Amino acid sequence: MPKEIRKSKAFYIDTNVVLDYITGRNTQTISVLEKIKSKDWKCVSSSFLTMEVADYKKDSLFFVDKAIDKKWEMRKIIRETYNKDLERGDFEKVFNWFAEFLDKYKCLSLYDFLTTNEDWFLAQNIAFNSNLNAPDVIHLSSAVLGAVRGYCQVFVTNDKFFTVEAKRVIESRKLKGKLKIMTVAEVEKNYFNKYNVKPISN
């Protein structure tokens with residue numbers, strides 16, 4: 001386990017938080033992530049995040065550069081989203097878009113937390129015992145394993161449904177002392193307000 005992660009606060013970052021930051025669609029997210037960076041605290045996430053971000057950008061390129069230019073109706077756009085005709089130049093845009101983010105936000109490290117049969121058994125168990133979809137299960141199980149191994153203490157997300165389900169899973173597994181689930185607003189309140197109080201518990 002990296003020593004610097006053990007000594008400082010470390011946050012597991014959900015994909016929706018990264019997209020809020022990259023696209024600039026949530027100013028509070030940008031502010032909080034910049035504050036985390038300024039304190040030299042660490043952010044981690046699953047390597048799976050890269051694929052989700054790539055999917056988002058490919059959908060965006062298809063919608064803006066292809067579908068709208070062709071003046072398709074919304075029904076056709078939705079139908080053809082699964083039959084994209086992106087090309088090499090588009091894929092380079094996707095890669096460069098994410099690479100620019102990683103270059104700007106160097107405090108984020110990506111790990112493959114699910115590496116053993118036991119790790120995947122945990123993910124499968126969460127999938128069969130929660131209302132979470134597969135991508136959310138991968139992130140939550142990765143964060144649980146990361147917390148147990150000392151890589152993170154707080155899971156940061158802006159997904160309200162995920163927050164409720166994840167807290168239930170964490171509580172059922174008696175992991176509240178290892179991993180907290182917080183929204184970006186809660187991170188700001190608990191770690192960056194001038195007169196912040198003791199961090200909330202799940």
By my count, helices (runs of 4 or more DSSP H) wholly in the range 107-198 with at least 2 residues that are under 26 Å from Asp20 (Cβ atoms) and of a type in the set (Val, Ile, Thr) are 134-148, 160-172, 184-191
Regarding the range 142-161, can at least one residue be identified that is under 23 Å from Tyr111 (Cα atoms), at pLDDT 95 or above, surrounded by fewer than 20 Cβ atoms within 10 Å (Cβ to Cβ) and among the acidic types (Asp, Glu)? yes
Within the range 128-149, the residues that are without any contact (Cβ under 8 Å) to a residue 40 or more places away in the chain and either within 14 Å of Arg173 (Cβ to Cβ) or not small (Gly, Ala, Ser) (or both) are Phe128, Ser130, Asn131, Leu132, Asn133, Asp136, Val137, Leu140, Ser141, Val144, Leu145, Val148
Residue count, the range 65-94, condition surrounded by fewer than 13 Cβ atoms within 10 Å (Cβ to Cβ) and either at pLDDT 75 or above or under 30 Å from Lys9 (Cα atoms) (or both), comes to 5
Read through the list (1) touching a Lys or Arg at 6+ places or on another chain (Cβ under 9 Å); (2) modelled with pLDDT under 95, then give the number of the only condition that Lys42 fails. (2)
Whether any residue in the range 98-105 is assigned to a loop (DSSP other than H, G, I, E, B), among the charged types (D, E, K, R) and under 19 Å from the mean Cα position of the chain (by Cα) is what I want to check. no
Can you work out which of the residues in the range 10-64 that are surrounded by fewer than 16 Cβ atoms within 10 Å (Cβ to Cβ) and assigned to a loop (DSSP other than H, G, I, E, B) is nearest to the chain's Cα centre (by Cα)? Ser47
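The values are calculated or read from the model by the stated rules, or taken from the named source; none is laboratory data. Just so you know, these numbers come straight off a predicted model, no measurement behind them. Neighbour counts run over all protein chains shown; Cβ positions are idealised from the backbone, glycine included.
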